[in-house]
Structures are given as structure tokens and as C-alpha cells.
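The values are calculated or read from the model by the stated rules, or taken from the named source; none is laboratory data. Remember, it's a predicted structure, so these values are computed and weren't measured experimentally. Cβ placement follows ideal geometry from the backbone for every residue including glycine, while neighbour counts extend to all protein chains displayed.
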Amino acid sequence: MNWYYTLLDVGAILLCLLFLRYTWHRMRFFLHTFQQVGYKNNEFWQWIKGHWDEKVIPANIAMVNIAIFLLLWFDDWILETITYSSLCIIFFVFSVFWFGSVSRYTQAKVKKPLVYTSRVKRFLIPFVALSFIFPALFTYMSFTGFLPYFNVPLPNHFSGFLSFDLLMLLVGWGFGATFIPFFILLSGLFTKPVEKFIQNGFKKEARKKLASMPDLKVIAITGSYGKTSTKFMIRDLLKERFNVCSTPGSYNTPMGICKVINNDLQSSHQILILEMGARYEGNIQELCDIAKPDIAVVTNVGVAHLETFGSQDVIAKEKGTLVDNLEVGDVAILNADDPRVSKMGANRNEIDRILVGLESGEIRGNAISYDTSGMEFDVEIGDEKERFQTKLLGAHNVQNLLLAVGVAKHFGIRLKTMALAAAKIEPVEHRLELKQQGDLFVIDDAFNSNPIGAKNAVEILAQFNSGQRIIITPGMVELGEIEAEENRKFGSAIGKANLDLVVLVGEERAQPILEGIREHDTTAMNVRVVNSLFEANELVQKHARAGDVILYENDLPDVYNE
């Protein structure tokens with residue numbers, strides 16, 4: 001029977017390899033999620049609580065832990081009922097079914113793949129050590145029967161024909177796999193002082209560089225929505241006359257800003273344009289401590305990140321911190337149509353305030369029209385008036401462009417020159433980006449939808465008459481307690497627009513949107529619900545005809561996939 005026990009030993013080794021594969025994929029998945037929530041322990045913990053049964057402690061993890069506790073407390077009774085070798089075979093078979101598949105922690109297509117940055121590599125040191133210390137320790141003890149280093153024999157180690165202890169293997173790999181998300185939190189605490197030290201060094205370098213350029217003008221932009229679009233508009237209007245440096249994409253964090261200042265800002269630059277984002281109170285001040293603004297631009301105060309701020313008034317106070325950091329002679333360019341923004345700095349006579357808006361302000365935009373080439377509108381500054389033509393879409397983009405006009409006006413650029421520059425502005429990728437794909441027109445608004453932008457996008461789609469008007473959307477996320485209500489309002493806007501085809505992604509997420517749609521008489525509107533963006537695309541390909549306009553409104557990050 002030696003061959004039989006040798007076969008069981010091989011089975012134990014294969015069991016370890018099976019658990020190793022499962023553990024690795026589980027580690028990679030939770031590391032990816034941690035990166036997506038910005039390496040923040042509190043946000044990762046909130047994610048854990050929201051995905052407890054689905055990802056953190058799924059049925060297979062729960063079952064193996066129950067089995068471990070049964071073996072720990074009832075081992076004598078169990079071994080009186082069944083032989084040890086039979087018990088091993090049972091667990092080998094069940095483990096194949098429980099842990100053979102890693103599909104729960106892998107996706108064929110991800111929108112933002114895991115990037116092994118320097119920070120991730122530093123994080124991996126404690127994370128890998130913590131994740132494998134349990135399995136490695138208990139696997140060694142299982143096969144040797146000795147406590148490592150001290151070489152002390154284990155009194156309860158199974159002694160018989162087999163050369164491994166099943167309970168120790170299960171404890172090591174079962175508990176090791178279970179604790180992985182919590183090792184993420186622990187590793188985050190371990191690496192936090194290191195990251196803070198490194199970040200402080202980058203901040204110090206950035207402040208020193210800015211201090212060496214006293215003539216440089218710093219323009220800082222904040223707001224709930226439209227920061228990136230406004231930043232690029234300001235850049236494109238000012239570069240007609242000035243040498244401009246700006247942060248790329250959505251670089252609006254301390255490290256993103258420091259990276260641009262330290263690596264991209266040159267002595268020849270006259271203007272530095274920075275986007276300043278905030279998820280928590282104090283974020284804007286942290287950014288202003290790195291680069292004090294000479295010109296502050298505030299787009300609006302909405303409900304983005306309401307779950308972390310708690311109320312719009314708190315958001316307004318945080319965004320207003322940018323204006324609070326202005327000194328004598330500095331300038332604030334503000335959205336006159338947003339009551340919270342228009343009040344910022346109102347009691348400060350030592351700074352200049354320029355208010356812009358569609359309804360009020362000293363710089364105004366009106367007479368908006370759309371076609372498949374883009375948008376046109378009038379800009380008025382006092383008695384001066386100029387017709388702007390742009391590839392951009394949406395009243396909110398008009399508002400953003402008016403803010404850029406306000407900045408350009410402060411720098412003495414003529415309105416006609418601005419109009420010429422505006423005609424060359426390219427849409428920000430995935431933000432109401434109008435593009436043609438064969439015989440179809442696509443409005444790509446897939447970047448992090450918000451209540452105002454989503455409603456505007458639907459209204460824009462409704463004004464096209466070149467063919468069928470189609471929308472693909474999963475609704476909005478990260479709105480806290482008001483998320484369902486805002487998605488219902490979004491659905492109401494869709495119903496009011498009476499589109500030709502509505503494709504909602506995610507059965508659970510679609511419910512409040514469907515409620516909003518049903519508030520209107522939409523008998524002529526085709527509404528379909530699918531489980532993924534890929535299914536949505538396949539459905540639209542079957543229905544679309546030449547000249548149709550398709551709006552992609554929001555694209556959920558991987559952590560929100562149903």
C-alpha cells in the first residue's frame with residue numbers, strides 16, 4: 001500500500017499548489033481594488049463591508065473555515081467515524097470544487113488594470129510577507145512535524161503512514177486566504193509612514209521650485225464637476241500668447257501636482273495651470289500649501305463625493321478654500337449661476353472677482369445650438385459680442401468655456417482671438433466627446449457621470465435629429481444616500497427626452513432609473529436591461545442604423561461591476 005500513501009502525499013502537494021493559485025489571484029484582486037480606491041484604508045474598508053458575501057468571505061472560504069473549526073473541536077469523534085486517509089481524499093475532492101475556479105477574482109476585460117507603480121512595489125513587501133507567512137509556516141510544520149527554526153517536534157502532529165498533517169495544511173492555506181483583504185489594511189498601515197515621508201519630500205521639492213520662479217502665475221481650478229475640461233480650455237486659450245504648463249488628464253492630487261511641478265515645469269513657462277480635487281475636508285488646503293494660487297477658478301458645487309463630505313454646504317466650504325488662499329490683487333473667476341460659488345470671496349475687497357454664467361454675470365453665454373459637427377453659442381462681455389463655434393457639446397461646457405474666457409480676459413486676450421482658439425479645442429476624452437464611427441455618431445460621456453452632467457447629456461442627445469437617439473448607461477455611483485434618488489431623476493430625464501432606445505447596464509442598478517423613466521408616457525421608447533457593457537454594445541449593433549447618435553453615459557469602474 002505504499003503507492004497509496006505516496007499518492008496521498010502527492011495529493012497534499014497538489015492541494016498546496018491549488019491553494020497557492022487561488023491565494024495569488026485573490027491577492028491580486030484585492031490589491032487592484034485597493035489601488036482603485038486610492039490606497040485609502042477607510043474607503044477600502046467601506047468597499048469590504050459592501051462586498052462581504054460576494055468577494056471577502058464567499059461560500060467556499062466560509063465552508064473551509066467551518067471545516068477547520070470542526071476538525072479542531074471534534075477531531076477525535078471524526079477520526080472514530082472515518083479513517084484519516086479517507087478524510088484527506090474527501091478534502092482533496094471538495095477543495096478542487098471549492099478552489100479550483102478563480103473566476104470570482106479574474107475578469108476578461110478590465111477598464112483600469114492594476115499598475116505596478118513604485119508605491120505598489122513598496123506595498124507588496126509587507127503584503128506578500130503577511131499573505132504567505134501563515135501558509136508557509138503551517139505547510140512546513142505539516143510536512144515536517146517540527147516548529148521551524150527551533151526544530152521542536154509538534155506533539156499533536158499526525159504520525160502514521162502519511163507524511164503530512166491535513167489540519168495544518170487547511171489552517172495555513174484556509175486562514176491565509178481568508179485574511180488577505182485584512183492584510184491589505186494592515187499593509188496600508190505599515191507603509192503609511194513611508195509613503196508620507198516620500199510624499200513630504202516631493203512636496204518640499206515642488207515648493208522650492210515654485211519659490212525659484214517668482215514671476216510664474218499659478219492658476220488653480222476646483223469644483224465638483226468640469227475641472228479637467230475647464231483646465232484644458234484655459235490652457236488652449238492662453239497658449240495663443242503665453243508659454244503654459246498644465247497638469248495632464250485628471251492629475252488633481254498632491255502627488256499628481258508635485259509630479260508635474262518637479263518634472264514638467266520649466267523656467268521658460270509663464271503660467272502654471274493646476275487642477276485641485278477633493279474627497280475630504282482639508283484636501284484643497286493641502287494642495288494650496290504646495291502651490292498657492294494667483295488665480296482661483298471654481299466651476300460649481302455639486303454632489304460629487306457627497307458620501308465623504310456629508311452635505312453640499314461642506315463641499316462649498318472646501319471648494320471655497322481655494323478662494324480663501326488668494327492674496328491682495330489676486331483674482332477669482334466664479335460661476336455666477338451657482339449660488340454657492342457666486343458668494344465665494346464676496347466680502348473680500350482686496351481681490352478681484354469675475355463672475356461668468358449663462359443666466360448672469362459680467363461674462364455671459366447664450367443662443368446655444370447643436371449639430372453633428374459640434375456646438376455654437378454667443379459670448380458677451382459688456383457691449384462686445386462674438387459667436388463661438390466648437391467641437392464641444394453641452395451647456396455645462398459653455399459654462400466651463402466662459403470661465404476660461406474670464407481667465408483669458410484677465411490676461412488681456414481679445415474676444416475674437418479666444419473664439420479662434422475655441423474652435424480648435426478638442427473634447428476631453430470620454431467627456432461628451434463627439435466622434436464618428438462609420439455611419440454612426442457617438443457621444444462618449446463615459447467618465448464618471450454626475451447628476452448635472454448626465455441630465456445635460458440626455459438633453460443634448462434629445463436635440464439631435466439625424467437618426468435614432470440611443471443611450472447606454474449604468475447610472476451614477478458614489479453619491480451616498482442620494483444615489484438612488486438621483487438615478488431616479490436621471491431616469492425621469494431619459495423618459496422626458498423620449499429616446500428611441502435605452503440600454504441600462506446592471507439589473508440592480510437599473511431599478512431606480514426604470515422608476516424615473518416610467519414617470520413619463522414612454523410607450524414608443526424601447527428600454528432594455530443588460531448585465532454588462534459588452535452585452536449593451538452587442539445589442540446596439542443589432543439595432544443601430546446609419547445616422548444614429550449613441551450616447552455612452554458613465555462607465556462603472558471595475559469595483560462596481562455587478
Only listed residue being modelled with pLDDT under 95, of a type in the set (Lys, Arg) and closer than 27 Å to residue 451 by Cα, chosen from 424, 385, 391: 391
For the stretch 328-369, name all the residues that are in a loop (DSSP other than H, G, I, E, B), more than 21 Å from residue 422 (Cβ to Cβ) and in contact (Cβ under 8 Å) with a residue 12 or more places away in the chain. 328, 329, 330, 338, 344, 345, 348, 350, 351, 360
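So which residues in the stretch 185-219 are under 13 Å from residue 246 (Cα atoms) and either touching an Asp or Glu at 6+ places or on another chain (Cβ under 8 Å) or hydroxyl-bearing (Ser, Thr, Tyr) (or both)?
Pass one, the stretch 185-219, residues under 13 Å from residue 246 (Cα atoms): 216-219.
Hits for the stretch 185-219 are 217, 218, 219.
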Of the residues in the stretch 28-77 that are surrounded by 12 or more Cβ atoms within 10 Å (Cβ to Cβ) and not in a helix (DSSP H, G or I), the one that is nearest to the chain's Cα centre (by Cα) is 37
Check off (1) within 24 Å of residue 437 (Cα to Cα); (2) acidic (Asp, Glu); (3) modelled with pLDDT under 90 for residue 500 and give me the number that stays unchecked. (3)
Matching residues, the stretch 318-339, being surrounded by fewer than 19 Cβ atoms within 10 Å (Cβ to Cβ) and either of a type in the set (Ser, Thr, Tyr) or within 20 Å of residue 364 (Cβ to Cβ) (or both): 339
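Criterion first (hydrophobic (A, V, I, L, M, F, W, C), surrounded by fewer than 18 Cβ atoms within 10 Å (Cβ to Cβ) and touching a residue at least 40 places away in the same chain (Cβ under 8 Å)) does residue 20 satisfy it?
Working: hydrophobic (A, V, I, L, M, F, W, C): yes; surrounded by fewer than 18 Cβ atoms within 10 Å (Cβ to Cβ): yes; touching a residue at least 40 places away in the same chain (Cβ under 8 Å): yes.
In short, yes.
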Residue that is surrounded by fewer than 21 Cβ atoms within 10 Å (Cβ to Cβ) and either touching a helix residue (DSSP H, G or I) at 6+ places or on another chain (Cβ under 6 Å) or polar (S, T, N, Q) (or both), where the choices are 386, 380, 350: 386
Looking only at residues that are in a loop (DSSP other than H, G, I, E, B) and not aromatic (Phe, Trp, Tyr) in the stretch 208-231, which one is nearest to residue 320 (Cα to Cα)? 223
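Looking only at the stretch 168-181, decide whether some residue is closer than 27 Å to residue 253 by Cβ and part of a helix (DSSP H, G or I).
Filtering the stretch 168-181 for residues closer than 27 Å to residue 253 by Cβ gives 180-181.
The next check asks that each one be part of a helix (DSSP H, G or I); those that pass are 180-181.
For the stretch 168-181, residues closer than 27 Å to residue 253 by Cβ and part of a helix (DSSP H, G or I): present.
Report, by residue number, each residue of the stretch 302-336 that is touching an Asp or Glu at 6+ places or on another chain (Cβ under 6 Å) and either of a type in the set (D, E, K, R) or closer than 21 Å to residue 356 by Cα (or both).
The first filter runs over the stretch 302-336 and keeps only residues touching an Asp or Glu at 6+ places or on another chain (Cβ under 6 Å), leaving 318, 328, 330-331.
Of everything in the stretch 302-336, those that are touching an Asp or Glu at 6+ places or on another chain (Cβ under 6 Å) and either of a type in the set (D, E, K, R) or closer than 21 Å to residue 356 by Cα (or both) turn out to be 318, 330, 331.
Is it fair to say residue 536 is in contact (Cβ under 8 Å) with a residue 12 or more places away in the chain, assigned by TED's automatic domain parsing to the domain that holds residue 440, part of a helix (DSSP H, G or I) and under 26 Å from residue 436 (Cα atoms)?
Working: in contact (Cβ under 8 Å) with a residue 12 or more places away in the chain: yes; assigned by TED's automatic domain parsing to the domain that holds residue 440: yes; part of a helix (DSSP H, G or I): yes; under 26 Å from residue 436 (Cα atoms): yes.
When the stated conditions are applied, residue 536 passes them.
If you go through the stretch 229-256, how many residues are among the β-branched types (Val, Ile, Thr) and surrounded by 23 or more Cβ atoms within 10 Å (Cβ to Cβ)?
Initially, the stretch 229-256 is screened for residues among the β-branched types (Val, Ile, Thr), giving 230, 234, 244, 247, 253.
Subsequent filtering for residues that are surrounded by 23 or more Cβ atoms within 10 Å (Cβ to Cβ) retains 230, 234, 247.
Matching residues across the stretch 229-256 total 3.
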